[in-house]
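A short worksheet on the structure shown next.
Readers should treat all values here as calculations from the given coordinates under stated rules, not as data from a laboratory. For clarity, every value in this text was computed on a predicted model and none was experimentally measured. Cβ coordinates were reconstructed from backbone atoms using ideal geometry, including for glycine residues, and neighbour counts include every protein chain displayed.
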Amino acid sequence: DAGVIQSPRHEVTEMGQEVTLRCKPISGHNSLFWYRQTMMRGLELLIYFNNNVPIDDSGMPEDRFSAKMPNASFSTLKIQPSEPRDSAVYFCASSPPGYEQYFGPGTRLTVT
Amino acid sequence: GQSLEQPSEVTAVEGAIVQINCTYQTSGFYGLSWYQQHDGGAPTFLSYNALDGLEETGRFSSFLSRSDSYGYLLLQELQMKDSASYFCAVRLNTDKLIFGTGTRLQVFP
C-alpha cells in the first residue's frame, strides 16, 4: 500500500497566485481530511469528506479556500488568491470509518 | 469551544520513563487518540482510548479517565528515536479529531 499521496511536496508562490494542493487517499478509506499546521496555530482541521461529500468545512479560514473531492481517489485544496499568512504545511489524511487517520507526507507551502 | 491542554516540552534521558498529560474540554467525546510526529514528518497514530483505563502497546501505554477529562501517554525504556512531538486528539464523532498543541519530547543520551 502506497499510503496517502500528496503533491506537490513543496510549493513556493507569490502572493495573489492560485495554489492547488492534491491528495490521493488510501484505497478503501471513505473519509478524507485536510489539515493545516503552523507553529502558531498547531494542527488545524480545515475540512473533511465522507464518501466524497463534504461533512464539516467549519475550519476553512475564508472564502479564498475551497476543497473538492470529485471521486473516492482524489481531492484538491485550492487557495485563490494566496497570501503570505497561508504559508504552512498542509496535510491530507484518510481513514476507514471510526478508525485512526493515516496522514500523507504533507505539502510545505511558502507564499512570498 | 474546544480546548486540549498538554505540556509544551518534556525532557528525559535514554532508558527513562516519561508521562505526557492531556486535559480536554470539548463538546462531544468519543475517545482520545495519541499521535507522534518527528521533525519534518507527518503525524502517525500511536494509540486510542474509548473507555476508561490503560491501553498498552509495546513500550507505549495510554490512559483515559472520562470523568476527569484527562488522559496521558506513558513512554517506557526511552530511546533516542522517541524524540518527537506528541499530540493528544479528541475524537468528537466517528471521524472528526481535534488536536492538542503538542508536547515536544527530547531524549538525551
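Each of A:70, A:31, A:105 was placed along the dipole of chain A (beta-carbon charges, centred on the mean Cα), and the one lying farthest toward the positive end is A:105.
The packing ranking, built from the mean of other Cβ atoms within 10 Å per residue, places the peptides A:75-83, A:54-62 in the order A:75-83, A:54-62, highest first.
In straight-distance terms, cross-link reach from residue A:78 covers every one of the lysines whose alpha-carbon lies under 20 Å from its own, apart from those fewer than eight places away in the same chain; here that gives A:24, A:68.
Its residues counted as N, the protein assembly as shown yields a C-alpha radius of gyration over 2.2 N^0.38 Å of 1.02.
Treating each Cα of chain B as an identical point scatterer and summing with the Debye formula, the log10 of I(q)/I(0) at q = 0.16, 0.21 Å⁻¹ comes to -0.65, -1.10. For the residues A:89, A:53, A:12, a GNM of chain A with alpha-carbon springs under 10 Å puts the largest fluctuation on A:12.
The gain in end-to-end length when the residue B:17 to residue B:77 segment is fully stretched comes to 21.0 nm, 0.36 nm per residue minus the alpha carbon separation. Residues within the reach of a label modelled at residue B:66 (point 7 angstrom out along Cα to beta-carbon, backbone nitrogen below 18 Å), restricted to the stretch B:39-55, are B:48-55.
If Rh is defined by the Kirkwood formula over all Cα pairs and Rg also comes from Cα, what ratio Rg/Rh do you get for chain A?
Details: Rg = 13.1 Å, Rh = 13.9 Å.
Here the Rg-to-Rh quotient is 0.95.
Annotation for residue A:58 and residue A:108: the two label points, set 7 Å from Cα along the Cα-Cβ direction, are 3.3 nm apart.
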